[in-house]
RNA sequence: GGGCGCUUAGCUCAGUUGGCUAGAGCAUCUCGUUUACACCGAGGAGGCCAGGGGUUCGAGUCCCUUAGCGCCCACCA
């Protein structure tokens, strides 16, 4: 008799959790337990989601696309491994936690290091578990026995090893460089963690000795004693490099020196500027080229220092109008353009205006690493599925900027370096894990940039250098991730892989676009237009949600996700359910396994052959990274060929209106086709297909997730 | 300033190496309750594939160009 469950509409909530548990308990998520002999491997590293919150729509694409690939290749008979993990997400997590502290009226300043670390650790562990439950809800077929967290001791140890090796190899140096300083969160940031925002502010013209200079930041000008102009600027040809002059300035007379440098834009402002090397990258580079001295004007809290005299201790934005007022009194202001729009560098995560500062920091020399990446690209060891990204990647690799890897936060892996103060500005450095012998050694309080550890993710999760998984699964088959990570994550993994393991960490690079809201607008918490894949799963079923994330998701292109789309695939789930009901009802008692297939008519054989062809086609689309097309073809066949045509046309025979033999043929044919479409749909819609497969009339069958695709 | 990409049915988008009488989903219109499913079926309407030029037997697809839109990168004081 047909199982009663088919007599009512499909209700995903009744099945999904149990099915995931069955898969997980089967052990098949672990490639070591898969049935049969499996030579070929398929491996994919899951991006470790930040362990500080919930999954968002972007994670939907992330996990669904990868899981479709993994499930397909597992069914193809490959030794398939998906490794889950979590990233401590240093700066971001600490930022989230600091907001929490703020709400509680507390602050990280004043807490000791260990205390703060422990609190964040507990906070993250709580959310990490939550996040993992959500990854499971999506149906992700990853091996939880290999779950990895960036701050677990063996991972920390390996990250430290990498740093020490790079230091020994001369790939890492410590130096005073202009870095982007976040004065509110008190940490430096790498270039890619910053962005520009247009601000409209007054633009001031001042008389500085014989010159008129223009600036948008008068409050930094206290220590300026060089004026710079373009060597070809005819207006200033009578001034020679190295000439000095006296100028009345903010706090009295200064002696200034003339410099010529080609970075000066003759068209901009007056073509003359003064420089503040400590707080401006361009100025710093000029100072370096001309071997100049420089001094700090603004402290790490964003306040003016003693050099500002009467303004000392004021925050920069407070001091600015005051400085201008004073200059006005002195008659040194020649012009003010009220509305000058220029780009201000801000912190990508917190929106805080960044202050360039010169600080001692750890840097990775990028040039040798990017050269390795370019070589791998030229040798075709890397393949970008959406080829427009290859150009972007190449461009970035050809113009590297040394990477600042130290962060002044506690939430991360502390840098294994020790300092001993030997007088002013003179310290001895040792790079090692343990405290060196002798007195006076203090460990660097900085931690690594998060991307320093996550950039090694394929190596770390597979147990480089001597782990069994590393030997079996490296390089991994494909890196599938969001296109926004082409600068942040992807190149770092490639460079670390090439540097440490002498081989690329993955062959194919599939970058998907961003998930937008139903109107095509970027989702953001502030706009309130975010969608959670978990909520969608609750309402429409995870299979329907997965279909919404794959159909229309072409490589590299952004994809709007209207809720109606998900609703549409919920209908599809129900359609499949009803097809099952119809077929199971009409084949009740039919001995499928012992049917003599030689009795099938030619037409029936053709119909069976057709579904097998469609399935091969769907598989080929998955292999070619056209997952959206595979899903669409499968959908279309099931609904408009199987349900609308084949089922309808078989009703006559099934209703005993023809011959008994014809009926048996049709029963066999329908079950065969149905078995094929369950396999074909499984990578996309794993829950409902697994559930229906459990009633398929074959004895001693295994789970659908390990059934053979062919 | 540099780079990448987009413009196809009312809406959201597919359209692989040029062969298309240009497709899908949603929306819309007409009809229909028949061994599953109204979370359904049958049928229909709807497009000079952004504009212009070129290559070709043949162009939505390749080249040039114009216009509009989007994203990324960048030290304009």
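Every number here is computed from the coordinates shown, using simple stated rules; none is lab data. None of the values given here were measured: they were computed from a predicted structure. A quick note on method: Cβ atoms are made from the backbone with ideal geometry, for glycine too, and the neighbour counts reach across all protein chains shown.
Can you give the Kirkwood hydrodynamic radius of region A:1-70 from its Cα pairs, in Å with one decimal? Here the Kirkwood hydrodynamic radius works out to 15.7 Å.
Given chain A, what percent of its DSSP beta bridges are antiparallel, to the nearest 5? Here the share of antiparallel DSSP bridges comes out near 70 percent.
Modelled this way, with points 7 Å down the Cα-to-C-beta line, the labels at residue A:609 and residue A:243 are 9.2 nm from one another.
Under the rule a/c < 1.5 gives rounded, and otherwise a/b versus b/c splits prolate from oblate, where does region A:285-438 land using the Cα gyration tensor? Oblate.
Here the gap between residue A:636 and residue A:152, fully extended at 0.36 nm per residue and compared with their Cα-Cα distance, gives a gain of 169.6 nm.
Between residue A:32 and residue A:164, what FRET efficiency follows from the Cβ-Cβ distance if R0 is 45 Å, with the result rounded to 0.05? Please list the in-between numbers first.
Working: r = 32 Å, r/R0 = 0.72.
It comes to 0.90.
The orientation-averaged projection of the convex hull spanning the C-alpha atoms of region A:488-617 amounts to 14.2 square nanometres. Principal axis extents of the Cα atoms in region A:97-234, from largest to smallest and rounded to whole angstrom, are 72, 46, 36. By the compact-protein rule of thumb, 2.2 N^0.38 Å, the alpha-carbon radius of gyration of region A:72-126 corresponds to a ratio of 1.82.
Under 14 Å from a label point 7 Å along Cα→Cβ of residue A:318: give me every residue in region A:238-273 with its amide N that close. Backbone N within reach: none found. Distance from the alpha carbon centroid of region A:609-639 to that of region A:460-524 works out to 26 angstrom. For helix A:367-378, what angle does its Cα long axis make with the longest principal axis of chain A, in degrees from 0 to 90 and rounded to 10? Here the helix axis deviates by roughly 30 degrees.
Please state the shape class of region A:251-360: rounded when a/c is under 1.5, otherwise prolate if a/b exceeds b/c and oblate if not, all from the C-alpha gyration tensor. It is rounded, given that a/c, with a ≥ b ≥ c, falls under 1.5. Ranked from largest, the principal axis spans of the Cα set of region A:162-221 equal 53, 28, 17 Å. In region A:595-613, whose amide N lies under 18 Å from the spot 7 Å out along Cα-to-Cβ of residue A:661? List them in ranges. Answer for region A:595-613: A:595-606.
Secondary-structure-derived ellipticity at 222 nm for chain A, considering helices only, amounts to -11500 deg cm²/dmol, per-run term -39500 (n - 2.57) for DSSP H runs with n ≥ 4. Please state the Cα pair-distance histogram of region A:636-710 with 5 angstrom bins from zero: what percent is in each bin? With 5 Å bins starting at 0, P(r) equals 3, 15, 23, 21, 18, 12, 7, 2. Between helix A:153-168 and chain A there is an angle of about 50 degrees, using the helix long axis and the longest principal axis of the Cα atoms. For region A:89-157, the ratio of Cα radius of gyration to the globular rule of thumb 2.2 N^0.38 Å stands at 1.33. Distance between the C-alpha centres of region A:309-369 and region A:213-277: 17 Å, rounded to the whole angstrom.
Spin-label model, residue A:234/residue A:445: points 7 Å from Cα along the beta carbon direction are separated by 5.7 nm.
Given R₀ = 56 Å, FRET efficiency for residue A:11-residue A:196 by Cβ-Cβ distance, to 0.05? E(calc), rounded to 0.05, equals 0.65. Computed from the C-beta positions of residue A:104 and residue A:342 and an R0 of 56 Å, the FRET efficiency is 0.90 to the nearest 0.05.
Annotation: extensible slack from residue A:289 through residue A:601 equals 103.8 nm (criterion: 0.36 nm per residue apart, minus Cα-Cα distance). For the pair residue A:121 and residue A:432, label points projected 7 Å from Cα toward Cβ lie 2.5 nm apart.
Convex hull volume of the Cα atoms of region A:274-314, normalised per residue: 71 Å³. Normalising the Debye intensity of chain A to I(0), with uniform scatterers on Cα atoms only, and taking log10 at q = 0.05, 0.07, 0.09 Å⁻¹ returns -0.34, -0.61, -0.89.
Taking all Cα pairs closer than 8 Å and separated by 6 or more residues, the relative contact order of chain A comes to 17 percent.
Starting from the alpha-carbon convex hull of region A:206-312, give the projected area averaged over all orientations, in nm².
The Cα convex hull of region A:206-312, projected and averaged over all directions, gives 6.5 nm².
Taking only the Cα atoms of region A:528-591, the radius of gyration and Dmax are 15.7, 56 Å.
Here the extension length gained between residue A:524 and residue A:592 equals 19.2 nm, from 0.36 nm per residue of separation less the Cα-Cα distance.
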